[in-house]
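Report on the structure given below.
The values are calculated or read from the model by the stated rules, or taken from the named source; none is laboratory data. These numbers come from a predicted model, not from an experiment. Positions of Cβ are backbone-derived with ideal geometry, glycine not excepted, and every protein chain shown enters the neighbour counts.
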Amino acid sequence: MKHAQKNLLVGGVALIVAVNAFVLAGVAWNRSGAPASALTLSQRELSLPYAFGLDGERGGVEVVLLWRSPMIDDSAEAAYDMHYGRGPDWLGADKLRELGFDLKDEHDAYRQKREVYVVLELAGADWQAALAQAQRRLDRALARGDAEKRDADAQKSAQEALKYEQQKASRLFAVDAGLDAAALRQRYPDTRRHLIVVATVTPSVMVIDKKTTFSGHIGELAVARISVPHALRGAMDGIDRSALDSGRAAFEMDVAWGRRFEPWVTAVRPQRTAAAE
C-alpha cells in the first residue's frame, strides 16, 4: 500500500514537472527571436484592476488590453463609442466570406464562430477619425444654441465626450482581419503601430424590409490579460485607480507579442501629468 502511494506521489510530481516544463518551453519559444509586434501603450489601452492600489495590496498585477472599432454612424447622437469590441463596418459579408464563414443559410450564420487574426492599429487613421467625429458632434451641438435645457445638456455631453476622446479613450482600433498572419503583416508592416492578435469573430444577421445584411462581431482576444513581471511592479508605486481616473497619474508600458501572438511586458514607466504638478 505504501509502495503504491509512493508511486502515485512520484507520478504526480513528475506530471507537475512535465507540465511546467512544457509551459516554460512554450513561453521561451514565443519570446524567441524578434518580437512580432512591440507597442508602447498607456493607461488608455491597458486597464488596471478596478481596486488596484486602493487597499494597499498590489500582489500580482494584470492589465487588460482595451481596443475599439470605428464608429459606423457619424450622425448618431451617441457621443462616443463606449462599446469596446463592437463589430466594425469593414467586417461585412465579403470579409466574413473571406474569413471562411458560410452565409448561405442566414438563419444559422450567427451560430458560427471561429478564431482569426485581427489587426489592431495604434493612434492611426481611425483614431483621428474618432477625434474628428467627437469634434463635429460638439460643433453641431454648439450650432443649435442653448435655447432649451436639452441643448445645453447636449453641449455639455459633447464637450465631455471630446475631452474623453482626446485624453482617455483607447487609441487602439481593429482595422482588418484575415486567416494568414504573414499576409497581414506584409499589408501592415509597422510592428510598432500594427499589432496582430488572435480573436474570435461571430457573424450577425439583420433583416429589414426583406433585405438581409450580414456583419461580424469581434469577440474576446485569445490573450487579453497581460501579467506585469514582479521585477517591474515597483514602477507602479504611487499609482492607483483614483489617481489614474483623475489624471493625477499615468503610465506607459512597452508590450511585445511573440511567435504565438502572446504578449509580455518589457518595461514600465510612470508618467508626470499636469494635474499632478
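List of remarks:
- Qualifying residue in the range 187-194 (condition: in a loop (DSSP other than H, G, I, E, B), under 28 Å from Ala134 (Cα atoms) and free of Cβ contacts under 8 Å to residues at least 40 places away in the same chain): yes
- Flag for Arg144 being more than 25 Å from Asp245 (Cβ to Cβ), in contact with a helix residue (DSSP H, G or I) (Cβ under 8 Å, 6 or more places away or on another chain) and not assigned by TED's automatic domain parsing to the domain that holds His217: yes
- If you go through the range 120-136 and pick out every residue that is loosely packed, with under 13 Cβ neighbours inside 10 Å and either over 22 Å from the mean Cα position of the chain (by Cα) or not in a helix (DSSP H, G or I) (or both), you end up with 0.
- Test result for Tyr117, surrounded by 14 or more Cβ atoms within 10 Å (Cβ to Cβ), modelled with pLDDT under 90 and either within 22 Å of Val223 (Cβ to Cβ) or touching a Phe, Trp or Tyr at 6+ places or on another chain (Cβ under 8 Å) (or both): no
Yes or no, residue by residue, for (1) assigned to a helix (DSSP H, G or I); (2) among the aliphatic types (A, V, I, L, M); (3) in contact with a Cys (Cβ under 8 Å, 6 or more places away or on another chain):
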site	(1), (2), (3)
Val118	no, yes, no
Leu138	yes, yes, no
Leu142	yes, yes, no
Lys156	yes, no, no
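- Residues within the range 127-141 that are basic (Lys, Arg) and within 9 Å of Glu165 (Cβ to Cβ), tallied: 0
- Residues of the range 200-238 that are surrounded by 12 or more Cβ atoms within 10 Å (Cβ to Cβ) and more than 26 Å from Glu262 (Cα to Cα): Ser204, Val205, Thr212, Thr213, Phe214, Ser215.
- The condition (being more than 21 Å from the chain's Cα centre (by Cα) and not hydrophobic (A, V, I, L, M, F, W, C)) is satisfied by just one residue among Ser227, Ser246: Ser246.
- Residue match in the range 80-91 (condition: surrounded by fewer than 20 Cβ atoms within 10 Å (Cβ to Cβ), modelled with pLDDT of 95 or more and not in a strand (DSSP E or B)): no
- Residue count for the range 158-179 satisfying the condition of being among the basic types (Lys, Arg) and assigned to a loop (DSSP other than H, G, I, E, B): 2.
- Glu252 vs. criteria in a strand (DSSP E or B), exposed (fewer than 12 other Cβ atoms within 10 Å of the Cβ), within 18 Å of the chain's Cα centre (by Cα) and not basic (Lys, Arg): no
- One residue from Gln186, Gln166 being closer than 17 Å to Gly124 by Cα and loosely packed, with under 14 Cβ neighbours inside 10 Å: Gln166
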